[in-house]
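What follows draws every value from the coordinates through simple rules; no lab data is involved. It should be emphasised that the depicted structure is a prediction, and the values quoted were computed from it without experimental measurement. Ideal geometry is used to build each Cβ from the backbone, glycine not excepted, and the neighbour counts take in all protein chains shown.
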Amino acid sequence: MTLDFDITSIVNDVGESFTVSGVSLTYNWHDDPIEAYTDYSLTGVVQVMDGSEDEVAEGLLQKEDITIWVDSDESDVVSLVNSNYVTISTSVSGVFQIVNVITNDGHYEVQAKRVLT
């Protein structure tokens, strides 16, 4: 029996909206790659690292980086991939780059590093 750790009710209670910018690269044989962005709106629970978390102690993230939990039923959840950007302007303001995506039964855990304030 597989358990489904659905977090819809938690996201509905304390979640916030954010934008994920999907990055696609176009390569020409003589030029640097050209980046194109597609924006997706998602909702999830955002945690700002305060420095006391295991992820910070282990060197995976730094203080002021974020972890986001998103229900797997969320539309555009497939945009949560490494190198895409997350823009948040509610609980924390800034632009973050996704560095790790953990797929769990029923939800995703996304770790992202701050790139702009």
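Odds and ends about this structure:
- When the Cα positions of 46, 93, 14 are compared along the charge dipole of the chain, 93 comes out farthest toward the positive end, with charges on each C-beta of Lys, Arg, Asp and Glu.
- Cα convex hull, region 44-109: 89 Å³ per residue, rounded to a whole number.
- Total charge dipole magnitude, region 8-116, about the Cα centre, Cβ charges on Lys, Arg, Asp, Glu only, Debye to nearest 20: 260 debye
- Structure remark: mean-square fluctuation, Gaussian network model of the chain, C-alpha springs under 10 Å; the largest value among 85, 27, 37 belongs to 27.
- For region 10-31 versus region 73-106, the gap between their alpha-carbon centres in whole angstrom: 7 Å
- Ordered by the number of other Cβ atoms lying within 10 Å of each residue's own Cβ, fewest first, 109, 74, 35 fall into the sequence 35, 109, 74.
- Each label point was placed 7 Å from the Cα along the Cα-to-Cβ direction; for residue 75 and residue 26 their separation is 2.7 nm.
- In sequence order, calculated HN-Hα J values of region 15-24 (Karplus, 6.51, -1.76, 1.60; Hz; x Gly/Pro): x, 9, 7, 8, 10, 10, 9, x, 9, 10
- Whole-number Å³ per residue for the convex hull built on Cα positions in the chain: 134 Å³
- Using θ = phi - 60° and Karplus 6.51 cos²θ - 1.76 cosθ + 1.60, couplings along region 36-47 (whole Hz; Gly, Pro as x): 10, 10, 10, 8, 10, 9, 9, 10, x, 9, 9, 10
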